[in-house]
1. Out of region 139-154, which residues are aliphatic (A, V, I, L, M) and either open to solvent by 60 Å² or more (accessible area, probe 1.4 Å) or within 15 Å of Ala90 (Cβ to Cβ) (or both)?
2. Mind checking whether some residue in region 62-70 is open to solvent by 10 Å² or more (accessible area, probe 1.4 Å), farther than 22 Å from Ser45 by Cα and in contact with a helix residue (DSSP H, G or I) (Cβ under 6 Å, 6 or more places away or on another chain)?
3. Name the one entry in Ile167, Ile157 that is free of Cβ contacts under 8 Å to residues at least 12 places away in the same chain and surrounded by fewer than 18 Cβ atoms within 10 Å (Cβ to Cβ).
4. What single numbered condition from (1) crowded, with 17+ Cβ neighbours inside 10 Å; (2) at pLDDT below 95; (3) more than 18 Å from Leu39 (Cα to Cα) fails to hold for Phe190?
Amino acid sequence: MTRPLTDPLPTGLDDRARAAGNGRLAGLALMAGCVLATLGFLGVSLTMHGPEAAWPTDPLWQPMYGVALAGNLLVVLGLPAILAVHGSAARRLTLVGYVGIFAPLAMLNVAETTVEAFVKPYLATHGGFPEETPAGLNAFEAVALVLLIIGAVCFAIAVFRARILPIWVGVAVLLSVVCAFFLHGGAIVFVSDYVLFAALFWVGVRAARAE
């Protein structure tokens, strides 16, 4: 009777190895997404000139926002790296932080970036933009921002308690919320995203290095 060349791992070790592999994959996706999204938003900021209302008609608008959209999709897909890095440390706070950050990223950075990329150029050449933002959209953004506050605060506290990630990661997540509320108009609106992406990129690095 032939024997396998290697003995199978015990079930517990096999499960941990699989979890580590999933964490590394999520970390790589998160890192790639943060880089792509940052490049896309930087591209919009650096290539747009003239009146802001005319930006959606610029030929580089859709390609730059397309890069940003692809990056944000990867960020959302890789966000479970947060859970992989912290593991059982500060588990409840980390989980609430994950959900609270996931929701606004999906609602604003994916859904609204899609509107910016493809709907705004259409409106710009078909009657222009409405004078007032639809009330439903305002409510949608308000819910996303409330969730962002909850998620950022919980995740930051989890970072401070767990001591697995550097303290600056938690500070950066909180700072991104402050920037989201006070920095508006033009290229400066993306500063909140850059700060959050810096923190999440480091989360991705730690997840990708996990053994």
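The values are calculated or read from the model by the stated rules, or taken from the named source; none is laboratory data. All figures in this text were calculated on a predicted structure; none of them were measured in a lab. Don't worry about glycine lacking a Cβ; one is built from the backbone with ideal geometry, like all the others, and counts go over all protein chains shown. Protein only, heavy atoms only, side chains kept; ligands, DNA and RNA dropped before computing areas. Shrake-Rupley method; radii C 1.70, N 1.55, O 1.52, S 1.80 Å.
1. Matches in region 139-154: Val143, Val146, Ile149, Ile150, Ala152, Val153.
2. Taking every residue of region 62-70 in turn, none turns out to be open to solvent by 10 Å² or more (accessible area, probe 1.4 Å), farther than 22 Å from Ser45 by Cα and in contact with a helix residue (DSSP H, G or I) (Cβ under 6 Å, 6 or more places away or on another chain).
3. Ile167 is the lone residue from the list that is free of Cβ contacts under 8 Å to residues at least 12 places away in the same chain and surrounded by fewer than 18 Cβ atoms within 10 Å (Cβ to Cβ).
4. (3)
Residue by residue, here is whether (1) surrounded by 14 or more Cβ atoms within 10 Å (Cβ to Cβ); (2) modelled with pLDDT under 90 holds:
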| position | (1), (2) |
| --- | --- |
| Ala54 | no, yes |
| Pro59 | no, yes |
| Ala81 | yes, no |
| Ala84 | yes, no |
| Arg91 | no, no |
| Val96 | yes, no |
| Ala103 | yes, no |
| Lys120 | yes, yes |
| His126 | no, yes |
